[in-house]
Structure formats: structure tokens, C-alpha cells
Amino acid sequence: VNKKSEKEILDFIFGKKTGFEYDLISLNKTKTTTIKTEIIGGCLSVLSGHFGGDFQINFADKILFLEDIEESGEKLDRYLRQIIEVILKTKQKPKAILLGEFYYGTKDKFLIQNVELAIKNLIDRIDELNLEIPVFKSKDALGHSDKMRPLILGVKSEINSTNQLII
């Protein structure tokens, strides 16, 4: 973790900072209105290991944060397809999906292309199925990265109409 991230984390822990703001990039055509709800999620490969089991998280009406590292685009595509299946079968539709880092630091162009294709496939499926789930990516590094910013899970948050996440 870099010094800037470390300072943000410590300032939050010791009460010098009460929240965080992130600028988001909208990745699909779903119109964004203000979304106020809890953020849940984390490492996609870990979360996917619990799909269909007792420890599967309920992401209904939440902001679902997803990130991972060192996973091939093919695996990510499978995990993201599973999320769509969970949404369809359980009716647990998130209010939004927030994508973190998936290939930070790699110079492998093939890996980057395949990860971006997996993300495009997710967005296309959401749009084709008319699920109306906005998908965002942060302009800041969220997830596995030495430049990551802190992201607090399990707290009420807001994505506003200007695509800013406020925690």
C-alpha cells in the first residue's frame, strides 16, 4: 500500500476522516439515478466459490463491488456469467455493480484484452436481458493494487447522478 492510501486508512481509523469520495466511470447504457445503499462484495474468485451455498452473499438492492487479480479473462467471464445466473434464479438484483482492479500492474496485453472482453460480455448480458443494473469502474484503483484507495464494505453509500461514489 502506498503512503497516500496508508494515510487515508489511518485518518479514517483515528477519526480524522469520516468518509471517502470516488469518481466513477459509467460502463453501460443504464441510466443512473441516485443510488443509496450498502456496498458489499470483494474478490470475485472467492465470492464465486460460495455461489449456491450457505455462504453466498445476498447482493439484492446493494452496490456489488467486484475485483480480483491474476485471474484469466476466461475465468472472470465464467464468474461474471455465474453472477448473472444468480441474479436471474434468486431475483437478488444489485442496484449497481462497481468494478475494481482486475489486471493492475500486468504488461500482458493478452490478459488485459481478455479481462476487458469478460467485462464487456457482462455489460452486454445485462443490457440484453434488460436488467437495468448500472455498471461502474472507479477512476481510482480499488482492490489489488499498490495505489489502491480504501473502500469500506458493509456501510451505507451513495452513487449520485454525476457518477460519484460517496461513503
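The values are calculated or read from the model by the stated rules, or taken from the named source; none is laboratory data. Since the model is a prediction, treat every value here as computed from it, not as a measurement. All Cβ positions, glycine included, derive from the backbone under ideal geometry; neighbour counts span all protein chains shown. The protein model used for the area step is the full one, side chains on, heavy atoms only, and it has no ligands, DNA or RNA in it. Shrake-Rupley method; radii C 1.70, N 1.55, O 1.52, S 1.80 Å.
Counting residues in region 86-93 that are assigned to a loop (DSSP other than H, G, I, E, B), open to solvent by 10 Å² or more (accessible area, probe 1.4 Å), in contact with a helix residue (DSSP H, G or I) (Cβ under 6 Å, 6 or more places away or on another chain) and in contact (Cβ under 8 Å) with a residue 24 or more places away in the chain gives one or more. Filtering region 123-157 to residues that are surrounded by 14 or more Cβ atoms within 10 Å (Cβ to Cβ), of a type in the set (D, E, K, R) and out of contact with any helix residue (DSSP H, G or I) (no Cβ under 9 Å at 6 or more places or on another chain) leaves Asp127, Asp140.
Taking the condition open to solvent by 20 Å² or more (accessible area, probe 1.4 Å) and either closer than 19 Å to Gly154 by Cβ or over 16 Å from the mean Cα position of the chain (by Cα) (or both), does Gly52 pass?
So Gly52 fits the description; yes.
Listed by first and then second residue, the pairs with beta-carbon distance under 8 Å, at least 6 apart or on different chains, first residue in region 35-48 and open to solvent by less than 20 Å² (accessible area, probe 1.4 Å), second of a type in the set (S, T, N, Q) and not in a helix (DSSP H, G or I), are Thr37/Ser157; Ile39/Ser157.
Considering the conditions (1) open to solvent by 80 Å² or more (accessible area, probe 1.4 Å); (2) in a loop (DSSP other than H, G, I, E, B), Arg78 is excluded by exactly one of them, (2). Quick check on my filter: what residues within region 59-86 are within 22 Å of Lys36 (Cα to Cα) and not aliphatic (A, V, I, L, M)? Those that are within 22 Å of Lys36 (Cα to Cα) and not aliphatic (A, V, I, L, M): Phe59, Asp61, Lys62, Phe65, Glu67. Filtering region 64-81 for residues that are touching a His at 6+ places or on another chain (Cβ under 9 Å), touching a residue at least 12 places away in the same chain (Cβ under 8 Å) and within 26 Å of Lys156 (Cβ to Cβ) leaves a non-empty set.
Which one is least open to solvent (accessible area, probe 1.4 Å) among residues in region 1-32 that are among the polar types (S, T, N, Q) and in contact with a Pro (Cβ under 9 Å, 6 or more places away or on another chain)? So the residue we want is Ser5.
Residue by residue through region 31-68, note down the ones that are of a type outside the set (Val, Ile, Thr), touching a strand residue (DSSP E or B) at 6+ places or on another chain (Cβ under 9 Å) and not in a loop (DSSP other than H, G, I, E, B).
Looking only at region 31-68, we keep the residues that are of a type outside the set (Val, Ile, Thr), and these are 31, 36, 38, 41-45, 47-56, 58-62, 64-68.
Still in the list and also touching a strand residue (DSSP E or B) at 6+ places or on another chain (Cβ under 9 Å): 36, 38, 41-44, 47, 58-59, 61-62, 64-68.
Matches in region 31-68: Lys36, Glu38, Gly41, Gly42, Cys43, Leu44, Leu47, Leu64, Phe65, Leu66, Glu67.
Go through the residues of region 110-122 one by one and say whether even a single one is touching a residue at least 60 places away in the same chain (Cβ under 8 Å), open to solvent by 10 Å² or more (accessible area, probe 1.4 Å) and under 20 Å from Val46 (Cα atoms). Within region 110-122, one or more residues are touching a residue at least 60 places away in the same chain (Cβ under 8 Å), open to solvent by 10 Å² or more (accessible area, probe 1.4 Å) and under 20 Å from Val46 (Cα atoms). Yes or no: region 127-137 includes at least one residue that is free of Cβ contacts under 8 Å to residues at least 24 places away in the same chain and farther than 17 Å from Tyr22 by Cβ. Yes: one or more hits.
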